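S.K.: Structure incoming, see below.
The values are calculated or read from the model by the stated rules, or taken from the named source; none is laboratory data. All of these numbers come straight from a predicted model, not from anything done at the bench. All Cβ positions, glycine included, derive from the backbone under ideal geometry; neighbour counts span all protein chains shown. In case anyone asks, the SASA skips ligands and DNA or RNA and just uses the protein heavy atoms, side chains included. Shrake-Rupley method; radii C 1.70, N 1.55, O 1.52, S 1.80 Å.
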Amino acid sequence: MPETASRLKHFSESVIREMTRVADKYNAINLSQGFPDFDPPAALVKAAQKALEDGFHQYAVTWGAPRFRQALARKQQHWMGLDLDPDTHIVVTCGGTEAMMTAMMTVCNPGDKVIIFSPFYENYGADTILSGAEPLFVPLHPPDFGFDPDELRTAFEKGVKALVLCNPSNPSGKVFTGEEMRIIAALAMEFDAFVITDEVYEHIVYPPHEHIYMASLPGMRERTLSTGSLSKSYSITGWRLGYVIAPENIIREARKVHDFLTVGAAAPLQEAAVTALDFPLSYYKELQAGYIRRRDCFLSYLDQAGLRYTRPQGAYYVLADISDFGFESDDAFCRWMAKEIGVAAVPGSGFFREPVRHLIRFHFAKREETLRAAGERLLTLPEKM
Ligand code: GLN
């Protein structure tokens, strides 16, 4: 028999989605795979109904419906502080997932090296390998998840094509500081590398932390591919609307990758999403306030349950320390917790390159009543041990 492709031996299926299956099996509250259990804004749902009635049923322009690109350019121009041309600086993709894959395939030749900070969102490792490149992991050291500039420089010295920057970061909740951003930017310029950002959590940042767009730093626009998505900003993870923003010479190439990967994102949903992209600035304040409440609600239960954690600065995840519970692995702990406590989380080892086995990831993109129900269950942890 012929053999399937050898590159697939270098990564396994998603641990995050595996834990959703475990949650379903035990009927546990699913704080593993990060998606909201609350509805998107009603105006957006109405706009989707209208788009279907108005006949948006066939392919849109492959690199994005013009109205969507125009609205996205208006919105991102404001937040990123860059002039954006909807016709030359944007490719609309099927979610942030395709945006990252497209960005990676746009810049990487087989054998190229790509720096990924560890812990990392699991897609980056797989995306690198699928594009024929090789991941080079640089640790973000727990519990604060800072990086050592010398370790980063040593990685760059190996000859690097690109660095992936997830900011705000999944799973650590880290928001990179201005100083850290400048260090990364300086190294990318010195070693002539691209930066591919994943900024899907750009609007979920907890003050006093602030999100800085890599593309907005001096000298970085030319070499930055900014990827993003509407999933988290408008609570529509199932709509699969994402994008790559980059200079014209890069987007010209990225369009080709995207065209042959997926042709295009769903036409009626692009049409509907114009409504969201035109929301006033107050929308983002409310989104942030909602996540501050959810974060505080969930963290108060972790405090009461005696679980130590790193306080998230952005995104909607928290890494909690389970070393006090004496399990042989984070995986065993998560399976036990789903079954016996009724709460599902993701074993942290799935995110780390280093042998870190004492952390698990919860997400808190849930209604407060869901978080309280999960929290009450977590309070039974000490007595069930
Ligand atoms: N980004 C989300 C997470 O990290 C969802 C992952 C996925 O299944 N696409 O949980």
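S.K.: Conditions: (1) open to solvent by less than 20 Å² (accessible area, probe 1.4 Å); (2) touching a residue at least 40 places away in the same chain (Cβ under 8 Å); (3) in contact with a helix residue (DSSP H, G or I) (Cβ under 8 Å, 6 or more places away or on another chain). P139 meets all but one. Number of the miss?
M.R.: Single failed check for P139: (1).
S.K.: Give the residues of the range 111-122 that are within 12 Å of the ligand (Cβ to nearest atom) and either modelled with pLDDT under 95 or acidic (D, E) (or both), sorted by residue number.
M.R.: Matches in the range 111-122: E122 only.
S.K.: Can you confirm whether T128 is crowded, with 20+ Cβ neighbours inside 10 Å, touching a strand residue (DSSP E or B) at 6+ places or on another chain (Cβ under 9 Å) and among the polar types (S, T, N, Q)?
M.R.: So T128 fits the description; yes.
S.K.: Hey, which of the strands (runs of 3 or more DSSP E) in the range 61-179, taking only ones fully inside, have at least 1 residues that are closer than 21 Å to S12 by Cβ?
M.R.: 113-118, 134-139, 162-166
S.K.: Further question: For residues that are part of a loop (DSSP other than H, G, I, E, B), farther than 30 Å from S229 by Cα and touching a Lys or Arg at 6+ places or on another chain (Cβ under 6 Å), tally how many sit in the range 315-373.
M.R.: Looking only at that region, the number is 2.
Yes/no per residue for (1) surrounded by fewer than 24 Cβ atoms within 10 Å (Cβ to Cβ); (2) more than 30 Å from D39 (Cα to Cα):
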| position | (1), (2) |
| --- | --- |
| P312 | no, no |
| L319 | no, no |
| F325 | yes, yes |
| R335 | yes, no |
| L371 | no, no |
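S.K.: Separate question: Could you please give the count of residues in the range 95-110 that are more than 11 Å from the ligand (Cβ to nearest atom), open to solvent by 20 Å² or more (accessible area, probe 1.4 Å) and closer than 30 Å to A266 by Cα?
M.R.: 4
S.K.: Return the residues of the range 357-369 that are touching a residue at least 40 places away in the same chain (Cβ under 8 Å) and buried (at least 17 other Cβ atoms within 10 Å of the Cβ); say none if nothing qualifies.
M.R.: Across the range 357-369, the qualifying residues are L359, I360, R361, F362, H363, F364, A365, K366.
S.K.: Quick check, is A43 in a helix (DSSP H, G or I), buried (at least 16 other Cβ atoms within 10 Å of the Cβ) and modelled with pLDDT of 95 or more?
M.R.: No; evaluated as a whole, the condition is false for this residue.
S.K.: A further question on this structure: Of all residues in the range 233-255, how many are touching a Gly at 6+ places or on another chain (Cβ under 6 Å) and surrounded by fewer than 21 Cβ atoms within 10 Å (Cβ to Cβ)?
M.R.: 1
S.K.: In the range 206-232, what residues are open to solvent by 10 Å² or more (accessible area, probe 1.4 Å) and in contact with a helix residue (DSSP H, G or I) (Cβ under 7 Å, 6 or more places away or on another chain)?
M.R.: I212, Y213, S216, L217, G219, R221, R223
S.K.: Which of the residues spanning the range 16-37 are within 16 Å of the ligand (Cβ to nearest atom), open to solvent by 40 Å² or more (accessible area, probe 1.4 Å) and either touching a helix residue (DSSP H, G or I) at 6+ places or on another chain (Cβ under 6 Å) or in contact (Cβ under 8 Å) with a residue 40 or more places away in the chain (or both)?
M.R.: Q33, F35, D37 - these are the residues of the range 16-37 that are within 16 Å of the ligand (Cβ to nearest atom), open to solvent by 40 Å² or more (accessible area, probe 1.4 Å) and either touching a helix residue (DSSP H, G or I) at 6+ places or on another chain (Cβ under 6 Å) or in contact (Cβ under 8 Å) with a residue 40 or more places away in the chain (or both).
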